[in-house]
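The values are calculated or read from the model by the stated rules, or taken from the named source; none is laboratory data. Just so we're clear, the structure is a prediction, and the values are computed from it rather than from any experiment. As a convention, Cβ positions derive from the backbone with ideal geometry for all residues, glycine included, and neighbour counts pool all protein chains shown.
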Amino acid sequence: MGGGDRFIDTMRLKDKSIIITGSCTGIGKAIAKRCVAEGARVVIHGLEKDWGEALVAELGSDKAALLIENLEDADCAGNLVDLAVKSFGKLDAVVNNAAIVASGDIHTIDLVTFRRILEINTLAPYHLIQAALPDLTETGGNVLNIGSVNAWSGEPDLMAYSVSKGALMTLTRNLGDTLMRENRVRVNQINPGWVLTENEALRKNAHGLRENWDADLPAEFAPAGRILKPAEIAAAAIYWLADECGPVSGQVVDLEQHPFIGRNPPKNNETIPG
């Protein structure tokens, strides 16, 4: 693998075919790289054509296929499934990772923006699960939704994003029950906390933070002295995509370096930078 990534060659996803939305960058890209390292073949998806092509070149055209298309397009879900089956002969798993992270509260988020966030973050995953279900049923496959710890309530300035992830969490639990019983298809979700993706770094820079803002974070928010890396989320994702997960379905797991629910508020009124 490029970029200095080092993985144990366990091949837990050997010969599996996996769609990963929003995988040209960030957490999705890290999941795609880890899946290939574990023996899978992946459909890379996103809007960043140059980044997507570079990732496919890194992974190998025999291991990765690319679709550049907006999830809001009516045909996108079907096109993703068709590409996976055409390229790799089957579909074993779907990772719903793509999302819009938009700052704003009740005073600044209008209905048009709110609806678009829900469309990408909640309805697009639902549509892709619908489109993929016949193939996932045939292979005994699974779905992994990438949520956020903001699903439990969320920051005031991430109101619409938090609501969309809360809805995704309920969708995961609901379909995780129904599809396991009726189709033997597992549906689970991981809720990452604060992750240092390329877009998060740029977002904080746009908010006025210095270039290396992540080097000196309050201990209340980063007990380890740093925030999570995309590769660490990818490592956790493999368990849910692999057969070793067994029949576990309808579960949501938070991935953060401190207890997120029921924790005492930060000391000295500290707030997350940005």
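Summary of computed values
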read-out: Set E72, E58: member being outside any loop (DSSP other than H, G, I, E, B) and either closer than 30 Å to M159 by Cβ or among the acidic types (D, E) (or both); value: E58
read-out: N191, sole failed condition from (1) out of contact with any Lys or Arg (no Cβ under 7 Å at 6 or more places or on another chain); (2) modelled with pLDDT under 95; value: (2)
read-out: Residue match in region 5-15 (condition: out of contact with any Ser or Thr (no Cβ under 9 Å at 6 or more places or on another chain), free of Cβ contacts under 8 Å to residues at least 24 places away in the same chain and polar (S, T, N, Q)); value: no
read-out: Residue match in region 85-94 (condition: at pLDDT below 95 and within 18 Å of I190 (Cα to Cα)); value: no
read-out: Conditions (1) modelled with pLDDT under 70; (2) touching a Phe, Trp or Tyr at 6+ places or on another chain (Cβ under 6 Å): number failed by L202; value: (2)
